[in-house]
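Structure first, then comments.
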Amino acid sequence: MGTLNILVLGSAAGGGYPQWNCRGPVSQLYWDGSAHVQARTQSSIAVSLDGAHWLLVNCSPDIRQQILTTPALQPQTGLRSTPIAAILLTNGDIDHIAGLLTLREKQAYDLYATPAVLEVLQHNKIFDAIDRDFVPRRAVKLGQRFEPLEGLSVETFAVPGKVPLYMEDGTPDIGAETDTTIGVELTGPDGRRAVYIPGCAHISEAVRTRIEGADLLMFDGTLWTDSEMIDAGLGQKTGHRMGHISMSGDDGSIAQLAPLKVGRRVFVHINNTNPVLIDDSPQRRDAEAGGWEISYDGMEIAL
Ligand code: MLT
Ligand code: MN
């Protein structure tokens, strides 16, 4: 016990890669059988210190498939059990919460989220299918440390974001730093520190400070360029409007985070339009030259 083990369960953004209804240039490579791309499920990581008890950070609609491909998350004892001891949500987006509906069979685990995200669950009656007698909903306060697993210290912090798409009412406040969208700092018993930020509209001073000196950063890798979805004819929205900073350019995450001291930097939550998904693309090479790794489903990181 002691090593912080992190598994990337799903490395893609909402929709996964390829997206089921998409023939955009990057998704089409998969449908055509290209050897340069691999399928990816939707955004989630699992964290453990002992390999027996796991914290999921976010619970994607693909959780069942993720469990099928991850022996560590399969039941190990008795007639009914799960190594999933706790789940922490970083926002109320569908790709981060819909998997809860799959984990509803009167199985005990702790569900942690901020008051804003708990309110979203509260207002969507379908989540009542997850029996509170088995799955207590625990409110997480920003900046207040808690231990969802023995020895694992977690602190959450606001990151620039917005309300979930399905909660938008008019034009949302993009980049608000509230408990609607959070980042997570995970610290093991030996003080090694991972920072997980799957969605971030821009790099604020607070985000910069939080990342500085981390042993591992897992960061929003949704888009390569802000207008990528518009340019591909796949949508009308910029990345910024969706609450995501892009990787490239002077304002992008690669440049903005370059001055910070970080052990390993890994992109997560990668959208199906992002050319870094293609193994040998120029964008993949640029990201790697900037010191970044592109996560994939099943990626294991031991700190
Ligand atoms: C996002 O990350 O912007 C959302 O997950 C989009 C969505 O709800 O599909
Ligand atoms: Mn998302």
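FYI, it's all coordinate maths here, none of it is from the lab. Bear in mind the structure is a predicted one, so any value in this text is a computation, not a measurement. Heads up, the Cβs are rebuilt from the backbone with ideal geometry, glycines too, and the neighbour counts pull from every protein chain shown.
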CD proxy at 222 nm, helix term only [per DSSP H run n ≥ 4: -39500 (n - 2.57); per residue of the chain; nearest 500]: -4000 deg cm²/dmol
Charge sum, other residues only, whose C-beta stays under 13 Å from Leu79's C-beta, Lys/Arg counted +1 and Asp/Glu -1: +1
Cα-centre dipole for segment 27-181 with unit charges at Cβ (Lys and Arg positive, Asp and Glu negative), debye to 20: 380 debye
Sparsely packed chymotrypsin sites (Phe, Trp or Tyr not before Pro) within segment 1-79, loop by DSSP, other Cβ within 10 Å at most 13: Trp20
Dipole of segment 150-303, positive end: most advanced residue of Ile270, Ser227, Gly291 [Cβ charges, Cα centre]: Gly291
For the chain, with +1 on Lys and Arg beta carbons and -1 on Asp and Glu, the positive-most of His240, Ile174, Ala116 along the dipole: Ala116
Trypsin sites (Lys or Arg not before Pro) within segment 248-300: DSSP coil, no more than 10 neighbouring Cβ in 10 Å: Lys261
Antiparallel bridges, percent of DSSP beta bridges restricted to segment 5-302 (to nearest 5): 50 percent
Cα-based reach from Lys106 at 14 Å (exclusive), listing aspartates and glutamates while leaving out same-chain residues under 8 positions away: Asp128, Asp131, Asp133
5 angstrom amide H check on Glu293, placed H, neighbours 5+ away: Arg265, Val266, Phe267
The chain - percent relative contact order, Cα under 8 Å, separation 6 or more: 20 percent
The chain, dipole about Cα centre (Lys/Arg Cβ +1, Asp/Glu Cβ -1), debye to the nearest 20: 460 debye
Spatially proximal lysines relative to Lys162 (Cα-Cα < 19 Å; intrachain offsets below 8 disregarded): Lys141, Lys237
Electrostatic dipole magnitude of segment 52-140 [Cβ: Lys, Arg +1; Asp, Glu -1; Cα centre; debye, to 20]: 200 debye
Relative contact order (%) - segment 56-112, alpha-carbon pairs under 8 angstrom, separation at least six: 46 percent
Relative contact order (percent, whole number), segment 91-140, Cα cutoff 8 Å, 6+ residue spacing: 50 percent
Whole-Hz ³J(HN,Hα) from phi, Karplus 6.51 cos²θ - 1.76 cosθ + 1.60, for segment 271-284, glycine and proline x: 6, 5, 9, 7, x, 5, 5, 8, 3, 10, 6, x, 5, 4
Distance from segment 64-143 to segment 18-54 (C-alpha centre basis), Å: 21 Å
Spatially proximal aspartates and glutamates relative to Lys261 (Cα-Cα < 18 Å; intrachain offsets below 8 disregarded): Glu185, Glu205, Glu212, Asp215, Asp220, Glu288, Glu293
Environment charge at Ser34 (Cβ cut-off 11 Å; Lys +1, Arg +1, Asp -1, Glu -1): -3
Per DSSP, loop trypsin sites (Lys or Arg not before Pro) in segment 77-157 with at most 16 further Cβ within 10 Å: Arg80, Arg104, Lys106, Arg132, Lys141, Arg145
Built amide H within the under 5 Å cut-off of Ala176, gap 5+: Gly161
Residue-count net charge about Ala13 - beta-carbon cut-off 11 Å; Lys, Arg +1, Asp, Glu -1: -2
Vicinal HN-Hα couplings computed from phi for segment 219-230 (Karplus, 6.51 cos²θ - 1.76 cosθ + 1.60; Hz; Gly/Pro x): 10, 3, x, 4, 10, 7, 10, 4, 9, 4, 6, 5
Range of Cα positions in the chain per principal axis (Å), largest first: 49, 42, 40
Longest segment of the chain lacking GluC sites (Glu not before Pro) that sit in a DSSP loop with at most 12 other Cβ atoms within 10 Å: 169-303
